[in-house]
Amino acid sequence: MEGPAGLRAGAREGEEPWIAEHPKFQEMLRLDVADGSQVYAAFLVYMDLLEVRNWKEVQILSSSELHIIYLCGTERDDSTPQVIIPTPITVPYSHEKIQRFLQLNRTLKEDQSSACSVLLAITETDSTIVYYKLTDGFVIPDPPDFAEDVDNKRWKKRKMRFLQ
C-alpha cells in the first residue's frame with residue numbers, strides 16, 4: 001500500500017523499499033526499544049560494518065533503559081569487541097548520556113583496567129555514516145601511519161613528553 005509520494009506504509013522518506021523487508025531490520029523493529037529513525041540508523045550501520053568494512057560477528061543488542069539499539073562486533077578476528085552506538089544526526093546527546101553509553105561497554109568487557117570506549121556512528125539522511133571514537137578519559141594516541149614519521153625525532157619527543 002502506497003502513501004504520499006509513492007512511499008509504502010511504514011517506510012520513511014529516503015528509505016529503500018527493500019530495507020523494511022530485510023530480516024535484520026525486522027529483528028531490530030521487534031526489539032521495540034527505539035523509534036523508527038534510530039532503528040533505521042542502526043540498520044544502516046549494521047550493513048556498513050558487515051558489508052563494507054568486513055567486521056566479524058556483529059551482534060544486535062538493545063537497551064530499554066537508554067531506548068537505543070546498539071551493536072557489538074570485532075573489526076578483525078584477533079581484535080577485542082567494540083560497542084557501536086548508531087544514531088541519526090538529528091539526535092542531540094548530553095555528556096551524561098555519553099557516560100551511560102560508556103557504561104554499556106564496561107558491562108561487556110572482562111578487563112576493567114583498560115580504557116573504555118565506544119564508537120558513535122552518526123548517520124546523515126543521505127546514508128553517510130561518520131564514526132567517532134569516544135573514550136572515558138585521556139588515551140595515548142596511536143603512532144603515525146607513515147614509517148618516516150615514526151623515525152622523526154620531534155614525534156619521539158612529543159610521545160615521551162605525553163607519557164610522563
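The values are calculated or read from the model by the stated rules, or taken from the named source; none is laboratory data. Since the structure is predicted, the reported quantities are computational estimates derived from the model, not experimental observations. Using ideal geometry, Cβ is built from the backbone for each residue, glycine included, and neighbour counts are taken over all protein chains shown. All accessible areas refer to the heavy atoms of the entire protein, side chains included, with ligands and DNA or RNA removed. Shrake-Rupley method; radii C 1.70, N 1.55, O 1.52, S 1.80 Å.
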Residues being of a type in the set (S, T, N, Q), more than 24 Å from SER94 (Cβ to Cβ) and assigned to a loop (DSSP other than H, G, I, E, B) - total across the stretch 42-78: 1
What are the residue pairs meeting all of these: first residue in the stretch 65-81, first residue surrounded by fewer than 17 Cβ atoms within 10 Å (Cβ to Cβ), second residue outside any strand (DSSP E or B) and of a type in the set (A, V, I, L, M, F, W, C), Cβ atoms under 6 Å, and 6 or more apart or on different chains? HIS67/VAL33; HIS67/ALA34; GLU75/TRP55
When every residue in the stretch 51-64 that is among the hydrophobic types (A, V, I, L, M, F, W, C) and closer than 21 Å to ARG30 by Cα is compared, the one most open to solvent (accessible area, probe 1.4 Å) is LEU61
Are there any pairs with C-beta distances below 6 angstrom linking a residue in the stretch 36-58 that is farther than 14 Å from THR128 by Cα to a residue that is assigned to a helix (DSSP H, G or I), with the two at least 6 apart or on different chains, and if so which? VAL39/MET28; VAL39/LEU29; TRP55/LEU49; VAL58/LEU49; VAL58/LEU50
